[in-house]
Amino acid sequence: SIGKRYVLKTLHPQLGAREDVARRMQKEARTLARLNHSNIVEVITAGVTADDLRLPYYVMERLNGQSLRAVLEKKGQLEPPHAYHIGIDLLDALDHAHDKGVIHRDVKPDNIFLHRTPAGVTVTKLLDFGILSLLDGTARETGGRFLGTLRYAAPEQLRGERPTPKVDLYAAGLVLYEIIAGCGPFDDERDARAIGAAHLNRPPPMLSRFVSVAPELEALIMAALAKDPEAPLAERLA
């Protein structure tokens with residue numbers, strides 16, 4: 001009616017019949033609407049569909065461009081200046097969300113979008129905030145299963161511990177590792193469960209094994225990938 005396009009995201013009809021999930025999605029929409037940051041996809045409004053299914057939905061800004069995953073599939077890895085730009089934008093977005101009490105829980109290249117503005121500027125946008133926390137409200141709702149992506153899961157997530165903002169920083173470290181090195185630290189493991197086990201038990205190979213990188217950047221990324229999120233930063237950088 002106003003000549004602009006938006007994106008609408010709703011629940012699968014099989015989940016729509018669950019009033020607990022519908023209530024949580026509406027509550028989550030209000031939370032996400034408070035996230036006002038240039039590197040986070042904007043939630044415009046939320047509601048319930050007018051048909052018999054009465055599915056809760058979000059209305060979000062429409063983005064133009066492609067996901068970071070699509071870019072990596074084409075290029076394999078990114079030049080350092082481009083990687084730094086994405087990394088800074090991603091961490092800015094997470095800092096804002098964490099300050100508002102929102103944990104993403106599924107940071108990965110698929111949820112990072114490179115949006116091309118009408119002015120021709122590329123802006124990093126973090127997508128799908130809150131979707132996993134929506135579905136992971138109780139063990140009854142998830143059957144105690146791990147929700148997320150094993151390739152980007154922090155050890156404490158795999159142990160079933162209560163998520164903290166540090167799980168997002170671990171995943172962000174993995175994203176930076178991948179876009180700089182062209183592979184994840186445990187991509188030699190072909191099975192998803194084996195990758196999960198590696199996150200729990202194996203130290204990641206140094207980034208410099210795959211690519212020439214500034215020592216300070218390597219130290220920062222390796223610190224983000226420490227197995228113990230409570231370890232002092234100096235200890236993780238050692």
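The values are calculated or read from the model by the stated rules, or taken from the named source; none is laboratory data. Just so it is clear, the structure is predicted and the values come from calculations on it, not from any experiment. A quick note on method: Cβ atoms are made from the backbone with ideal geometry, for glycine too, and the neighbour counts reach across all protein chains shown. Protein only, heavy atoms only, side chains kept; ligands, DNA and RNA dropped before computing areas. Shrake-Rupley method; radii C 1.70, N 1.55, O 1.52, S 1.80 Å.
Structure summary
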{"item": "For region 1-113, radius of gyration divided by Kirkwood radius, i.e. Rg to Rh on alpha-carbons", "result": "1.02"}
{"item": "Two-site label geometry, Arg190 and Arg162: point separation in nm, points 7 Å out along Cα→Cβ", "result": "4.1 nm"}
{"item": "Kirkwood hydrodynamic radius of region 66-112, from inverse mean 1/r over distinct Cα pairs, in Å", "result": "11.7 Å"}
{"item": "Viscosity 0.890 mPa s, 25 °C: Kirkwood-radius Stokes-Einstein D of region 52-91 over Cα pairs, µm²/s", "result": "188 µm²/s"}
{"item": "Within a Gaussian network of the chain (alpha carbon springs, distance under 10 Å), most fluctuating of His199, His98, His82", "result": "His82"}
{"item": "Rounded, prolate or oblate (a/c below 1.5 giving rounded, otherwise prolate when a/b exceeds b/c) for region 167-238 by Cα gyration tensor", "result": "oblate"}
{"item": "Considering only the chain, percent of DSSP beta bridges that pair antiparallel, nearest 5", "result": "95 percent"}
{"item": "Carbon/sulfur fraction of accessible area - the chain, other protein chains in place, 1.4 Å, %", "result": "52 percent"}
{"item": "Over 29 Å between alpha carbons, listed pairs Lys4/Lys27; Lys108/Lys227; Lys75/Lys100; Lys4/Lys166; Lys9/Lys74", "result": "Lys75/Lys100; Lys4/Lys166"}
{"item": "Candidates Arg30, Arg69, Arg159, ranked by Gaussian network fluctuation over the chain, Cα under 10 Å, top entry", "result": "Arg159"}
{"item": "P(r) histogram, all alpha-carbon pairs of the chain included - 5 Å bins from 0, percent", "result": "1, 6, 13, 17, 18, 17, 13, 8, 5, 2, 1, 0"}
{"item": "Separation in nanometres of the label points that stand 7 Å from Cα toward Cβ, at Thr117 and Asp99", "result": "1.9 nm"}
{"item": "Rounded to the nearest 20 debye, dipole of the chain from Cβ charges on Lys, Arg, Asp, Glu", "result": "620 debye"}
{"item": "Acute angle (nearest 10 degrees) that the helix 165-181 long axis makes with the longest principal axis of the chain, alpha-carbon atoms", "result": "60 degrees"}
{"item": "Rough spin-label spacing in nm, given labels placed 7 Å along Cα→Cβ, for Arg23 and Ser38", "result": "4.0 nm"}
{"item": "Paramagnetic reach from Asn64 (point 7 Å along Cα→Cβ, amide N under 20 Å) across region 109-125", "result": "112-125"}
{"item": "Two-decimal Rg to Rh for region 145-184 - Kirkwood Rh, Cα set", "result": "1.00"}
{"item": "Formal net charge of residues neighbouring Arg202 (Cβ-Cβ distance under 11 Å; K, R +1; D, E -1)", "result": "-1"}
{"item": "Per residue accessible area in Å² of region 1-99, where ligands, DNA and RNA are left out and the probe is 1.4 Å", "result": "63 Å²"}
{"item": "Residues Arg30 and Tyr84, FRET efficiency given R0 of 25 Å [Cβ-Cβ distance, rounded to 0.05]", "result": "0.15"}
{"item": "Area accessible to solvent at Ile2, 1.4 Å probe radius, in Å²", "result": "120 Å²"}
